[in-house]
């Protein structure tokens, strides 16, 4: 399956500059949010949000076509 | 020989022209450490209650700390304290930059300014010597010009200049004190106080760096910071500036939009930190913005400050005036419904050029915009300007008019609360002020402890006075150092969250006295945690200070600020939140429908006073609490039984 990913802030530096933090990732069926973060090699504390606003934990099983936004935790500037 | 500090406080009487040097004992420095605690000490000791904030009897204290100017990130900070022309109570504001370190090198730990000069003057301090000089030729001129003129006149490129711009001269009630033409003691109108004294600038130059008790220990801490910074949670603040947080706020529904009508702004990506980095930072056109578009404070590894350069188009921006912070992109941006980043950068430039707080300025304009949309303010008031949400041109124009006190800008230069009182027509319903100070860009609707701290903070709504709610959950290791082990569910405002707010407030209060940057040191996401703040203070001073002792400094300072207000008759009745936060549910996004509950908030404030050991009826500090903090003299000053 494929999920589109938007990596915000400093996380976008893990992708080539021209990507501006956006990429599409192919994962095995049944892959979880944790698998996605491992695939992207994200080691920071992050919050993951789906395009419907739902914020799943790492055990959440992704679906083909999911749009995933990933944010760092910054300065108390976040709330889940 | 003290380590970290000079042992000298300069007293300046502008009325008489007399300059005297005080040499306080070591125990004074250990008890108050510097910054805000040191400043309010002089206000309580040497200033009577009831003075006119813009009159000669107000005292302006500019205080460093025992750590300023030493080789560790985050120490180049200076606090300005005076009675505030905005709040009517205590005023308090911190700046960074290079001025604080240079002032330390020049030989003083604090400057206590009294009186009013007959004509404009500036204070020139160099290697322990101080003199007042004529500033008639500098009066009325903008900050960048004054810097350049003074560098040329004094023949030294290494001077640091702290000054008021034309807004401070004209008594704009949220005027800032500016250094480097782009750093500000922004909040509570300290620039208006300095301007009212005819003190145009303080210029410093020194060659005597403070000694450090344990160089090896401080170097080790600095090395640890440099090594861990790239993987730390402040790495993004370094590269993309504080506006990196815009997206996280938007996701949470905590991005104040249309004067706190909503927590989401649909065009947020146009004004966030990465967009700024890609488009308007100096050097961005050549991909060299990391080199030319980022700036720092003395000795700091993070480099979070922005340098914007725009050479073409309607909003050209001179890089000497820096670039907008998150608070600035918010107040001129989402608060006003403006998504034109160059226009926001222009408003920021005007504020730094004329010397104004970007938070109060942008938020005051946003309030006026909402009143305009509600037809409570009309073009008759504004002189024909369509002050509507999203009108970038009107926002920039109004910023300039406030700075110059022209037309409707003269009304808004009083701050939104006084403007509402003058205009009437129900415009006060739309205020977002606490103690007349406009609320910064963090929303108590979604981070509930802000509802307590915005209200009880002695100098009005402030977002840098405690740790925000989510950190309790996300940073258990550092929270444990403060005895905080029990994070609560989202949106809770129970006793444990009040305890969390108060304890972290004491740490932040200590940091505003020991004068360290709250992005570098802190209780959660910052580069260094509380244990490392203790190590740094020990290494610099040689004192065997503990976290307990630092927390007491913070609590002592907070009680002194409250005592200053109590002496002015300002207590619980002033600890309010904007009506709008209780009466008007947010619209849209994840926080759609969110509103604060008055009863829950009142209970939380009661709990807070009781935990602080204050009188729950009046909100005043009590004698037992003041004596427990070793400042019984403050209770005497208040005449407490």
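Please list the three semi-axes, largest first and in whole Å, of the ellipsoid equivalent to region B:216-422, using sqrt of 5 times the eigenvalues of its alpha carbon gyration tensor.
Each semi-axis is the square root of five times an eigenvalue, giving 33, 17, 16 Å.
What ranking, highest mean first, results for peptides B:307-318, B:410-421 when packing means the other Cβ atoms within 10 Å averaged over each residue?
B:410-421, B:307-318
Which FRET efficiency value, to the nearest 0.05, is calculated for residue B:267 and residue B:1 with the Förster distance at 41 angstrom and r the Cβ-Cβ distance?
Using R0 = 41 Å, I get an efficiency of 0.10.
In whole Å, what three semi-axes, largest first, describe the equivalent ellipsoid of region B:431-513 built from its Cα gyration tensor (square root of 5 times each eigenvalue)?
That gives 22, 15, 10 Å for the three semi-axes.
When all C-alpha to C-alpha distances in the protein assembly as shown are sorted into bins of 10 Å, what percent of pairs does each bin hold, rounded to whole numbers?
Per 10 Å bin, starting at 0, the Cα pair percentages come out as 3, 16, 27, 29, 18, 6, 1, 0, 0.
Can you pull the mean other chain C-beta count within 10 Å for peptide B:462-472? Don't skip to the end; give the middle numbers.
Values: counts 0, 3, 2, 0, 1, 2, 5, 3, 9, 4, 1.
Per residue, the number of nearby Cβ atoms from other chains is 3 on average.
For peptide B:367-374, what's the mean number of Cβ atoms from other chains within 10 Å of each residue's Cβ?
Across B:367-374, the average partner-chain Cβ count within 10 Å equals 0.
When a/c is below 1.5 the answer is rounded, else prolate if a/b is larger than b/c, else oblate, so apply that to region B:520-628 with a ≥ b ≥ c taken from the square roots of the Cα gyration tensor eigenvalues.
Oblate, because a/c is 1.5 or more while a/b does not exceed b/c.
Pull out the extension gain between residue B:133 and residue B:279, defined as 0.36 nm times the separation in residues minus the alpha carbon to alpha carbon distance; nm, one decimal.
48.3 nm
Sequence gap at least 6, Cα distance under 8 Å: using those rules, report the relative contact order of region B:299-364 to the nearest whole percent. Show your work: numbers first, answer last.
Values: 81 pairs, mean separation 19.9, N = 66.
Value for region B:299-364: 30 percent.
Compute from the Cα atoms of chain B the Rg and the Dmax, the latter being the longest Cα-Cα distance, and quote both in angstrom.
Considering chain B through its Cα atoms, Rg and Dmax are 22.6, 68 Å.
If I take R0 = 56 Å and measure r between the Cβ atoms of residue A:13 and residue B:8 in this structure, what FRET efficiency does the formula 1/(1 + (r/R0)^6) give, to the nearest 0.05?
0.75
Answer rounded, prolate or oblate for region B:9-205, using the Cα gyration tensor with square roots of eigenvalues a ≥ b ≥ c: rounded when a/c is under 1.5, else prolate when a/b is larger than b/c, else oblate.
Verdict is rounded for region B:9-205.
Rounded, prolate or oblate, given the Cα gyration tensor of region B:41-104, with a/c below 1.5 counting as rounded?
Working: a/c = 3.11, a/b = 2.40, b/c = 1.29.
Cα axes put region B:41-104 in the prolate bin.
Working out 0.36 nm times the residue gap between residue B:583 and residue B:316, then minus their Cα-Cα distance, what length gain in nm do you get to one decimal?
92.1 nm
For region B:1-41 and region B:487-511, compute the distance between their C-alpha centroids and round to whole Å.
So the two Cα centres are separated by 32 Å.
Find, to one decimal place in angstroms, the Kirkwood hydrodynamic radius of region B:105-249, where the mean of 1/r is taken over every pair of different Cα atoms and then inverted.
17.6
Could you grab the relative contact order for chain B? Cα pairs under 8 Å, six or more apart, rounded to a whole percent.
Relative contact order comes out at 15 percent.
What is the mean number of Cβ atoms from other protein chains located within 10 Å of the Cβ atom of each residue in peptide B:220-233, rounded to a whole number? Intermediate values should be presented prior to the final figure.
Values: counts 0, 0, 0, 0, 0, 0, 0, 0, 0, 0, 1, 2, 1, 7.
The shielding value for this peptide is 1.
Roughly how many Å is it from the Cα centre of region B:265-291 to that of region B:122-149, as a whole number?
Answer, in whole Å: 35.
Once all Cα-Cα distances of region B:395-440 are split into 10 Å bins that start at 0, what whole-number percent is in each one?
Taking every Cα pair in region B:395-440, the percentages come to 29, 51, 20.
Given a cut-off of 20 Å, what percent of all Cα-Cα pairs of region B:443-581 lie beyond it? Don't jump to the answer; show the numbers that get you there.
Working: 4474 of 9591 pairs.
When all Cα pairs of region B:443-581 are counted, 47 percent exceed 20 Å.
May I ask you to give the average projected area over all directions of the convex hull of the Cα atoms of region B:287-396, in nm² rounded to one decimal? Could you put the intermediate results ahead of the total?
Working: hull surface 30.6 nm².
One quarter of the hull surface, i.e. the mean projection, equals 7.7 nm².
Can you give the calculated 222 nm mean residue ellipticity of chain B, where each DSSP H run of n ≥ 4 adds -39,500 (n - 2.57) and the sum is split over every residue, rounded to the nearest 500 deg cm²/dmol? It would help to have the intermediate numbers written out before the result.
Working: 28 runs with 254 residues, N = 641.
Per the formula, -11000 deg cm²/dmol.
So if we plug the beta-carbon distance of residue B:288 and residue B:600 into 1/(1 + (r/R0)^6) with R0 = 41 Å, what FRET efficiency do we get, rounded to 0.05?
0.20
Which order do the peptides B:497-504, B:135-142 come out in when sorted by mean C-beta neighbours inside 10 angstrom, highest first?
Highest to lowest by the protection proxy: B:497-504, B:135-142.
Can you compute the modelled spin-label distance between residue A:38 and residue B:400, with each label point 7 Å from Cα toward Cβ, in nm?
5.8
So what's region A:2-72 giving for Rg/Rh, alpha carbon basis, Kirkwood Rh from the mean inverse pair distance?
Values: Rg = 11.0 Å, Rh = 12.0 Å.
In region A:2-72, Rg relative to Rh is 0.92.
Coordinate-derived values only; no laboratory data. Just so we're clear, the structure is a prediction, and the values are computed from it rather than from any experiment. Every residue, glycine as well, gets a Cβ built from its backbone with ideal geometry; the counts of neighbours run over all protein chains shown.
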